[in-house]
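Data first, discussion second: the structure below is written as structure tokens.
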């Protein structure tokens, strides 16, 4: 069950309506970094949660808070669409080369499809895609997905903050940026509670690690063959290539990539698949010659 309060979670004010900025705000609503994504992600994780009730409750509370963020942004879009003189865009563009570069025009669907309101789309008008929502049923894996979602969302919010001179919009975005800070720490706190990096990894930690191929479970495989300026082709060396593994259960090593399997050997095409006759013969040499004859 959900409850609704007619008041916004945080104040949304627009000093100078700007349809162009309304278009940019759509990314924070329906884009892959946006609030619809995290809202649905946390709610679906909660609805499928198994285990201690506290994790379900926390996910439900945060997912519900994200609905409030969609409401705030939708209100901001509507306020920015309430008319702006033509000189507003020119004044803002003159103050910021970035804004001048990205403001190519308002979203016509704000008027044509929504009657001066927000849409469930990104800044290019592409509808929200539900395949972006991650809910694996593994709490640790989901927490990493959540950290990523909040991190890219915070990056987007900071860019939007930079892209506007409107004090009201900067204030609203500063609030959303702060909530992204909290939520990043919140999901990391869950990982810490689950046992920290050494406790939760490798994910899932319920699979018996003795069943892994131990020759490769902590080996960095270097596929680089292009030489550097000195004529060498060294592998990328770093924390990941030597020393104790992050989960504390192995030692990092490095090797150059080498093919360990044979050539794929597939059966001839099935007649009902209607491949070319030359393919059916199974004679690679004749097939190749036939291909070149027809070029």
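Structural remarks
- For the range 219-233, the condition holds for at least one residue, the condition being that it is assigned to a loop (DSSP other than H, G, I, E, B) and either within 30 Å of residue 200 (Cα to Cα) or modelled with pLDDT of 95 or more (or both).
- Of the numbered criteria (1) touching a helix residue (DSSP H, G or I) at 6+ places or on another chain (Cβ under 7 Å); (2) modelled with pLDDT of 95 or more, the one residue 125 fails is (2).
- Within this structure, residue 106 passes the test of being part of a loop (DSSP other than H, G, I, E, B), modelled with pLDDT of 65 or more, assigned by TED's automatic domain parsing to the domain that holds residue 182 and more than 30 Å from residue 48 (Cβ to Cβ).
- The lone exception for residue 203 - which of (1) more than 24 Å from residue 58 (Cβ to Cβ); (2) under 23 Å from the mean Cα position of the chain (by Cα); (3) assigned to a loop (DSSP other than H, G, I, E, B) it fails: (1)
- Residues in the range 234-286 that are modelled with pLDDT under 85, within 40 Å of the chain's Cα centre (by Cα) and more than 19 Å from residue 215 (Cα to Cα): 234, 236.
The values are calculated or read from the model by the stated rules, or taken from the named source; none is laboratory data. For clarity, every value in this text was computed on a predicted model and none was experimentally measured. A quick note on method: Cβ atoms are made from the backbone with ideal geometry, for glycine too, and the neighbour counts reach across all protein chains shown.
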